[in-house]
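The values are calculated or read from the model by the stated rules, or taken from the named source; none is laboratory data. No experiment lies behind these values; they were computed from the predicted model shown. Using ideal geometry, Cβ is built from the backbone for each residue, glycine included, and neighbour counts are taken over all protein chains shown. Ligands, DNA and RNA are excluded from the accessible area calculation, which covers all protein heavy atoms including side chains. Shrake-Rupley method; radii C 1.70, N 1.55, O 1.52, S 1.80 Å.
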Amino acid sequence: MTGHRHESFEELISASLTGDLTAVERQRLDSHLDTCSQCRSTLAAFADQRRIMAGLRHVGPPRDLDARVRSGIEQGRLASLPWWRRPAVIFAGVGGGLAAVAGALLAIVLLNGSPDGPQVGDATPSASGTILLSATPLATLPPPVRSGAPSAAPSQSAGTSAETSPAEASPTEAPITASPEPDVYLALTGPFDNLALTIRHGPTGETIAEIDTPSGPPIAAELSPDGQWLAYITRFGESGLNEVRATRIAEGIPSDNPEELPPVDSPIEVGETIVLGESVAGSPFLEHLAWSSNSQYLGYTLSDASANSTDVWIFQPGVGKPRQVTNVGNAYAGSWIPGSAGTSQFWISTAGDEPMSYLRPFRDSAGGGSGPGDPAENPISTAEGIFQPLLSPNGSRAIYWKGRMQQSGDKWLFVESGQPYLSEHSEDFEFASERPLFSDLTVGRDAFTTAAIAWGADGDAYAVWRTQWTGIPQGGDKLYPDPQRVYFGHATDPRGLTQAHAIDEADLPEGASVVDVKVSPTGRHLLITALRPIGGVQEAPRASLLLVERNTGAVADEVLALGSADDGWFGPPAFEALTETGTP
Amino acid sequence: MQSVAVPGPIPWDAPAVTRRAADSREIEFAQLFEEYSAPIHNYVLRMVGDPDRAADITQDTFIKAYRKLDTVTEATSTRSWLYRIATNTAIDDMRRRRMVTPMGNDAPAFANRPDQSPGPEAQVMASTLDERVHRALMQLRPNHRQCLLLSDLDDMSAQQIGDVMGLSYPAVRTLLCRARGEMRRALSAEGFAR
């Protein structure tokens, strides 16, 4: 009798105790028990165990439970202490040196003089100190206008050379052709023992949805192109883990165009939240949410620290459940090919000595889909050496990684020659005309281990932040690449990113660090979720949501704080996708 | 851990509540609370092993249940639904605790006391049967503990356990078998004969 056979009978023995056996199984088990003393012993032990368990003393609830429940219902608060009641490493000890920021709902915060004067290669400075954005609170601004194709928006790249004159238009002359403000943003507010996570309407600040029992502050968010869903990632305190969630915030609106597909319906009601999984925190490669352009799919990556494996998952709003799509242990979500109908196509990457990317098809009508598999099996296209291609919204460009990767603990990182590249992305899924994103860095064997990257809706502007550089800094007396700075560039700028493309140091409050960056559809504004230091362990985490208008040369960036400056965690924001006509 | 400050007992039959009791929702909830508060509390207590936390989790379970009462349909098993809320709330609580550094004023009160406990053998002899079984239970993985409690303490079938834990029938059978195996070893370590 092998151990394996005993194992299969153990399951029958266990099920027999609760009457969960079919007649055939019962007969099979009885015959086996007649001849196997080991399994008879197991049956006796399991039966004893069940008796012991059933005999456990019943402990009644506290007498005031009913009053506590009633009180909780009336006050709208839960009893469990949130995780931030406990000391947290990054929040504790950072000190309370935060510069006081006015508590107005919306306020102009900074209009800093540039500490450095004109930067090499910058556009001609315009009149110093000109404020482009009105100091009026955004809520009272005229309704956002997103007229014109995104490409018509002025490209106000820092470091744009004299040859690229269209991008040099003086900030004072540049009309804002799209609204810089987000469609929605997340807010974690309230006293530290009763924080509420809400999704708010960007222009008005009104609450759209309230999320029960937040696990921690939000660090990433993406709105589905149809505006029905907000997917987001929250930290689980200092656990080293994240949680991926999605909240349905609106009904789909059928289009007037009969040729367009009806909006994706879902068994999940508006206002409900679904937890899509938990994952190792701290890697930009993992903290990436990718909606397909038809809103049929959300692609994301979950890394299981206990199993040391990383795989791609998708959430289909139409099905209402997440499902694992790879099982190779080193797979990462990339991007969906925009505009595909009937079949959605998704770039999935595998980490390794030589990373790979595979384009996989997903049939939109397929309900639950098949089980997880190997992305390398029968892909539509394969891209050797390319990791996590991030396509621009219209799919014509890509930013991706190349280099040698290694697994370090529970994360895959680049260890040699790792850096992001910018390329064209053709209709037959080829990556062509690639060039390093950072043009003034000598990479050699040094590498970026990771960095976070985001495209703007115009398909030209992009931002890079959380850069982790393994080599010697190359910025002379300035740290470069600097993990605390945001690098803001434009694909049409032939020089890519340079040290001069870092946003002003003074854009962030003292001691703050960047959690998330979104490029607004204007192509010249960034929305930065900036983690702010707090004074003690009993304080709730705080983050400012800053709207930065990038200026060049001697003109300092302008910064507007969205949301109440002192009272909570605001951000990340999210934008609805622009349609071909440039309207959301 | 402390629970939220409560201004004072608010009995169910207080005037304001009585007025609202006319509302069928209130009546339905009051019945739900009366029927399930004790077993849910007992289940949660065995899950988390700490009376204060169990009280908080039970409290939160019923607050959430009240908020979601409208979602219960005739086709829904109220019992499974309520146990599912309790299970998820307990898991959330355990996750939070697993995931934070056990330091500061919220750490268990006994954490800083010198270890004056007797050795393992004396401990086994001195403990009541209930304490020994409870200790064994707390050695189990949370999902094993959950399904064993639902099966043997709350007498649920594999199908009902599946409803609570969001698992298929075969998955519950497999999980329950593994849990029994693990519990057998844990009980053995507590001095139970088999």
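One table, with the values for the structure above:
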item: Odd one out for B:Val133 among (1) touching a helix residue (DSSP H, G or I) at 6+ places or on another chain (Cβ under 6 Å); (2) open to solvent by less than 40 Å² (accessible area, probe 1.4 Å); (3) touching a residue at least 60 places away in the same chain (Cβ under 8 Å); result: (3)
item: Answer from A:Pro262, A:Pro322, A:Pro284 - the residue that is part of a loop (DSSP other than H, G, I, E, B) and in contact with a Gly (Cβ under 9 Å, 6 or more places away or on another chain); result: A:Pro262
item: Condition check for A:Leu188: in contact with a Pro (Cβ under 6 Å, 6 or more places away or on another chain), modelled with pLDDT of 85 or more, within 14 Å of chain B (Cβ to nearest Cβ) and open to solvent by less than 30 Å² (accessible area, probe 1.4 Å); result: no
item: Scan of region B:31-68 for residues that are more than 25 Å from B:His144 (Cα to Cα) and surrounded by fewer than 16 Cβ atoms within 10 Å (Cβ to Cβ), ordered by number; result: B:Gln31, B:Glu34, B:Glu35, B:Arg67, B:Lys68
item: Residue identified as at positive phi and buried (at least 17 other Cβ atoms within 10 Å of the Cβ) among A:Ser295, A:Ser303, A:Ser335; result: A:Ser295
item: All positions within region A:471-512 that are at positive phi and open to solvent by 10 Å² or more (accessible area, probe 1.4 Å); result: A:Gly476, A:Gly511
item: Candidate set: region A:33-63, residues that are of a type in the set (A, V, I, L, M) and in a loop (DSSP other than H, G, I, E, B); chosen: the one surrounded by the most Cβ atoms within 10 Å (Cβ to Cβ); result: A:Leu56
item: Strands (runs of 3 or more DSSP E) within region A:180-244 that include 2 or more residues more than 20 Å from A:Ile268 (Cβ to Cβ); result: A:184-189, A:196-201, A:218-223
item: Condition check for A:Gly568: open to solvent by less than 20 Å² (accessible area, probe 1.4 Å), at pLDDT 85 or above, in the same structural domain as A:Arg397 (by TED's automatic domain parsing) and at positive phi; result: yes
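The rows are residues; the columns are (1) in contact with a strand residue (DSSP E or B) (Cβ under 9 Å, 6 or more places away or on another chain); (2) modelled with pLDDT of 90 or more; (3) farther than 23 Å from A:Lys478 by Cα.
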position	(1), (2), (3)
A:Leu497	yes, yes, no
A:Leu508	yes, no, no
A:Val517	yes, yes, no
A:Gly523	yes, no, yes
A:Leu527	yes, yes, yes
A:Ala530	yes, yes, no
A:Gly535	no, no, yes
